[in-house]
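The values are calculated or read from the model by the stated rules, or taken from the named source; none is laboratory data. Note that the structure is predicted; figures quoted are calculated from it, not measured. Quick reminder, even Gly has a Cβ in these numbers, built from the backbone with ideal geometry, and neighbours come from all protein chains shown.
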Amino acid sequence: MIEFFTRLSNLFWRIVTQLYFRPQFGSIGPNTLIRKPMLLRNVRGIRVGARCGIRDGARLELIPSDGRFPSLAIGDDVSIEQNVHIACNTQIRIGDRVTIAARCTIVDISHPFDDVERTDSIGARLSIDPMPVTIEEGCFLGVGTVILPNVTLGKYCVVGANSVVTKSMPAYSVCAGAPARVIRRYDPTLRTWDRAEA
């Protein structure tokens, strides 16, 4: 009985995605499902590929500033789990077959704090420098991961749970920590995963 109602609920949200969300987004591919989002903002600049799943509580927001309109591109077969927050001011690219676990945050925005004489809140300030984020195909972001501005994750990069990624990580690597560092790398010659040097 639970499976029946789950399938029925998914069918309902597929219909909502295609009939209600799709005309408002830049594009949404076939067989993509967006379930119970918490916040969708400026979605005309968001393109989502085919066969994607965006679970409950997603917060997808584009924040224009300084005359530029940001863009968020999500590839095919991407899984975005519960309560993921993506905030885009410049450009965020998520490749095909990326898995983003629950409660992850991806941002290409920073809030300058160095001018202590300003009277506005730090949260209301946005950096004028573009700081795009790229997550290449096949990556996996563990639960609670934070991806900060100006970061590229190479193809098939695995990020451990609750990591804070402050710099780019190479393809075929495993990284973890706060700040994250590479802890394993794939050796294509030996076809094995090796421990990274300290």
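Is there a residue in the stretch 38-60 that is under 11 Å from the mean Cα position of the chain (by Cα), assigned to a strand (DSSP E or B) and among the small types (Gly, Ala, Ser)? No, the stretch 38-60 contains no residue that is under 11 Å from the mean Cα position of the chain (by Cα), assigned to a strand (DSSP E or B) and among the small types (Gly, Ala, Ser).
Quick grid of which residues meet (1) among the basic types (Lys, Arg); (2) buried (at least 17 other Cβ atoms within 10 Å of the Cβ):
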| residue | (1), (2) |
| --- | --- |
| GLU3 | no, no |
| ARG7 | yes, no |
| ASN10 | no, no |
| THR17 | no, yes |
| ASN31 | no, no |
| ILE63 | no, no |
| ALA101 | no, yes |
| ILE106 | no, yes |
| PHE113 | no, no |
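Can you tell me how many residues in the stretch 172-198 are of a type in the set (A, V, I, L, M, F, W, C) and more than 25 Å from ARG103 (Cβ to Cβ)? Selection size over the stretch 172-198: 4. Within the stretch 79-135, how many residues are more than 17 Å from LEU60 (Cα to Cα), aliphatic (A, V, I, L, M) and in contact (Cβ under 8 Å) with a residue 60 or more places away in the chain? So the answer is 2. GLY123 meets each of the listed conditions (1) assigned to a loop (DSSP other than H, G, I, E, B); (2) at pLDDT below 95 apart from (1). Of all the numbered requirements in (1) polar (S, T, N, Q); (2) surrounded by 15 or more Cβ atoms within 10 Å (Cβ to Cβ); (3) under 26 Å from LYS155 (Cβ atoms), ASN42 misses one, and that requirement is (3).
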